[in-house]
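This report concerns only the one structure given below.
The values are calculated or read from the model by the stated rules, or taken from the named source; none is laboratory data. Note that the coordinates shown come from a computational prediction; the quantities given were computed from them, not determined experimentally. Glycine gets a Cβ as well: all are built from the backbone with ideal geometry, and neighbour counts include every protein chain shown. Surface areas here come from the heavy atoms of the whole protein model, side chains and all, with no ligands, DNA or RNA. Shrake-Rupley method; radii C 1.70, N 1.55, O 1.52, S 1.80 Å.
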Amino acid sequence: MKHAQTFATPSETMTGFETEQFMDLANPVVHRSDHWLWDSLVGLLPLRSPRVLGGLTDRLRAQWLVRGMHPCDVTVVRRHTVFLTNLLVFRLQRGTWAVAVKHPRNERSADALAREWEVLRELAADDRLEPWRQLLPQAVGYRPDGPSRMLAQGWLAGVPAGPLVPRRPEELHRTVTSALSFLAELRDATGHRQPAAERVGEWVEPQLEILATEIGWCRAGDGAAGLEALRRRLDEGLAGAVLTQAWTHGDFHPGNVLLSEERTRVTGVYDWGNARSDGPSEIDAYTFVLAVREALSGRPLGRLVADTLRAGGLPAADRALLSAAAVDPDDGADDPALLPLLTWLWHVAGNVRKSPQFGRSRWWVTDTVAPVLKEASRWASALR
């Protein structure tokens, strides 16, 4: 595929990017001999941490990236976690025209942007998505090489679904049902039911391999045993399951969803880098429901999924929410923990694929990975 080298709008083309080398003060280079010490230190740091002078350096970098263009307003989108700061994201606006620009700070982020660009092009080419075209980010331009590499996509308007207020149950209910209703429509338009056993090689094995490669704890001892137990449980569960193969976002949490002011309809969905047109689409609804419970309870995802494994299924409240997405937790699988497990696997694999900081973070592994794999090991032991 030929990549666009400039960012084009219907009325004009913006050019003039220069490619001279520069010193990246915001991202100091670590010498190869220091990698072991650096990785150990990073593993002790929380994923949420402030970046000293981050706002100033981000704005300077964004202005450097768009130098030579016609005058535009540049607004940096603040991203507070170590993982999110691997990407510089800013809005470029002139009049009523605006785009979201993403610039990678490292090679892993650059790979993620390359995948996202290809997905955006695939979304644009799929005629089945025409009724939802305005809800999807438009692929505007992609520069894959050089220090000014970046991806630009159409700016989507709406109210972020992320801020959930438990003291306003009506608003919370509208947020969840609007998002899940969108998923039901997308699944009906692009999906068909299929025996899941035929897709294990694509829906499970690559994700397990990412965990084994990127998370040190999963390479030996309890972690490796838990990963093997997880593989066994997923293989057995998928052997008799029938799921819907359709467009699957892969990271459909409230932070990636925009709503109308009344929160009665979805107005946009961002971050399609983990998406695929032939994924197990039910996991998007599970991702959203689990993310809502995580936000409201304050408990990390791994511990919530471990609770589900111990209880033999989702809580009644979460099962009721899934009905808004026309997803029956008991439909198509003998193991009620199958879809929570598959959802968790895609979430974890997607995170560590985009950012190695996750796999090195002891905090994140302890809260998000270890509880699920330990429960998988207990399940395997009980079968012996």
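Do you know which residues across region 293-305 are more than 23 Å from H173 (Cβ to Cβ) and under 18 Å from the mean Cα position of the chain (by Cα)?
P300, G302, V305
With respect to the conditions (1) touching a residue at least 60 places away in the same chain (Cβ under 8 Å); (2) open to solvent by less than 20 Å² (accessible area, probe 1.4 Å), W155 falls short on a single one, namely (2).
In region 321-350, the qualifying residues are those that are out of contact with any Leu (no Cβ under 8 Å at 6 or more places or on another chain) and closer than 30 Å to P104 by Cα, and the one that is surrounded by the fewest Cβ atoms within 10 Å (Cβ to Cβ) is G350.
Conditions tested, residue by residue: (1) buried (at least 16 other Cβ atoms within 10 Å of the Cβ); (2) within 24 Å of Q194 (Cα to Cα); (3) under 14 Å from the mean Cα position of the chain (by Cα); (4) not basic (K, R).
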| residue | (1), (2), (3), (4) |
| --- | --- |
| A285 | yes, yes, yes, yes |
| D307 | yes, no, no, yes |
| R310 | no, no, no, no |
| R319 | yes, yes, no, no |
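The numbered conditions (1) modelled with pLDDT of 90 or more; (2) in a loop (DSSP other than H, G, I, E, B) are all true for L88 except (2).
The residues of region 153-192 that are of a type outside the set (V, I, T) and in a loop (DSSP other than H, G, I, E, B), listed by number, are W155, L156, A157, G158, A161, G162, P163, L164, P166, R167, R168, G191.
Of all residues in region 358-384, none that is free of Cβ contacts under 8 Å to residues at least 60 places away in the same chain has its Cβ atom under 7 Å from the Cβ atom of a residue that is surrounded by fewer than 17 Cβ atoms within 10 Å (Cβ to Cβ), 6 or more apart or on another chain.
Taking the numbered list (1) of a type in the set (V, I, T); (2) open to solvent by 30 Å² or more (accessible area, probe 1.4 Å); (3) not in a helix (DSSP H, G or I) in turn, T366 passes all entries but (3).
Could you pull out every one of the helices (runs of 4 or more DSSP H) wholly within region 246-340 that has 2 or more residues that are modelled with pLDDT of 95 or more and under 25 Å from P163 (Cα atoms)?
282-297, 301-311
Condition first: part of a helix (DSSP H, G or I) and either open to solvent by less than 10 Å² (accessible area, probe 1.4 Å) or at positive phi (or both). Now tell me which residues in region 117-152 satisfy that. Hits for region 117-152 are W117, L120, L123, L129. For region 184-198, the candidate set comprises residues that are in contact with a Gly (Cβ under 9 Å, 6 or more places away or on another chain) and open to solvent by less than 60 Å² (accessible area, probe 1.4 Å); within that set, the residue that is farthest from D284 (Cα to Cα) is A197.
For region 106-150, filtering for residues that are over 29 Å from L259 (Cβ atoms) and out of contact with any helix residue (DSSP H, G or I) (no Cβ under 8 Å at 6 or more places or on another chain) leaves 8. In region 222-242, the residues that are free of Cβ contacts under 8 Å to residues at least 40 places away in the same chain reach residues that are assigned to a loop (DSSP other than H, G, I, E, B) and not aromatic (F, W, Y) with C-beta atoms within less than 8 angstrom, at least six apart or across chains, in these pairs: R231/V204; D235/V204.
Taking the stated definitions as given, is R353 in contact (Cβ under 8 Å) with a residue 24 or more places away in the chain and either open to solvent by 30 Å² or more (accessible area, probe 1.4 Å) or on the phi > 0 side of the Ramachandran plot (or both)? Answer is yes for this residue. Residues of region 264-278 being in contact with a strand residue (DSSP E or B) (Cβ under 8 Å, 6 or more places away or on another chain) and open to solvent by 20 Å² or more (accessible area, probe 1.4 Å), which ones? The answer is R265, T267, Y270, R276, S277, D278. May I ask you to verify whether G255 is surrounded by fewer than 17 Cβ atoms within 10 Å (Cβ to Cβ) and over 21 Å from the mean Cα position of the chain (by Cα)? When the stated conditions are applied, G255 does not pass them.
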